[in-house]
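Report on one structure; see the data block that follows.
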Amino acid sequence: MNFIEALILGIIQGLTEFLPVSSSGHIELGAVLLNVQSKDNLLFSIIVHGATALSTIVVFRKTIIQIIVELLEFKWNESTQFITKIIISMIPVGIAGVFFEKQIESFFGGNVIFVASMLLVTGLLLTFTYFTNSQKKDVNYWKALIIGLAQAIAILPGISRSGATISTAILLGVDKEKATKFSFLMVLPPILGAMLLKIKDLIEQPELINNISFPVLSVGFIAAFISGVIACSWMVNIVKRGKLIYFAIYCIIVGLSVIIFS
């Protein structure tokens, strides 16, 4: 992987992590188009996912600071309940990551037909929200678990994590703004946890780091972070205005195009 490829894939990751079009799916498609080796792609994906996690922290820094302050009060307040719901939402993806890691990695091998098919699923899911009447409910504990299941399914390349979780929340009657905030903050623990596991793997198998240079990784990280901040801020307003249907159309067009031309 060279600097130009890292820049392009970093921007793709930053934009598509928050926009409901599947970051993993676009990274897989981009890697195939740029002929990037899968072993480089796996390591690169870890780095750029870390960059988008950091961009989430930057965009929601006021909310995160407020949560931390209220947690230090050691009371059963709104922030404590919110964190409890986040923990509940992590259960499905935690189970998937621990017990099905090898099976999950097998999907990241450049199978563009599978990725395209999952993009069609994402498009259909987003379409359903267009025909759902807006409600103002909050995320309760059962809804947090169901949204967590959607996040676990979104591990598959082509299923948008933000698209799956936000759409699921909206279909459950959650307020759009609350659905977006919960979706973006619930991903932080799984991403950070996965990064720690991969760092452990790199310590145990240092030869893996030789597959891609540090400067190239840095370019990808910076590109993903900057584009991630822009996309995250943009996405909050998109959901408020109910414009997810445009991304549904995009996913369906890309999915069908890949299937036809591949």
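What follows draws every value from the coordinates through simple rules; no lab data is involved. Just so it is clear, the structure is predicted and the values come from calculations on it, not from any experiment. Cβ coordinates were reconstructed from backbone atoms using ideal geometry, including for glycine residues, and neighbour counts include every protein chain displayed.
How many nm is it between the label spots at S262 and F131, if each spot is 7 Å from the Cα in line with the beta carbon?
That separation, rounded to one decimal, is 2.7 nm.
Roughly how large, in nm² to one decimal, is the mean projection of the convex hull of the alpha-carbon atoms in the chain? Could the numbers behind the result be given before it?
On the way: hull surface 54.2 nm².
Mean orientational projected area (the chain, Cα hull): 13.5 nm².
Strictly over 19 Å apart at the Cα level, which of K62/K181; K143/K243; K136/K181; K137/K178; K178/K243; K62/K137 would you flag in this model?
K143/K243; K62/K137
Can you give the percent of C-alpha pairs in region 129-262 whose distance is more than 21 Å?
Distances greater than 21 Å cover 54 percent of the Cα pairs.
What are the membrane-span-like helices in the chain by this rule: whole DSSP H runs, Cα extent along the axis at least 30 Å, mean Kyte-Doolittle hydropathy at least 1.6?
214-240
For region 137-163 and region 164-179, what is the separation of their Cα centres, given in Å?
9
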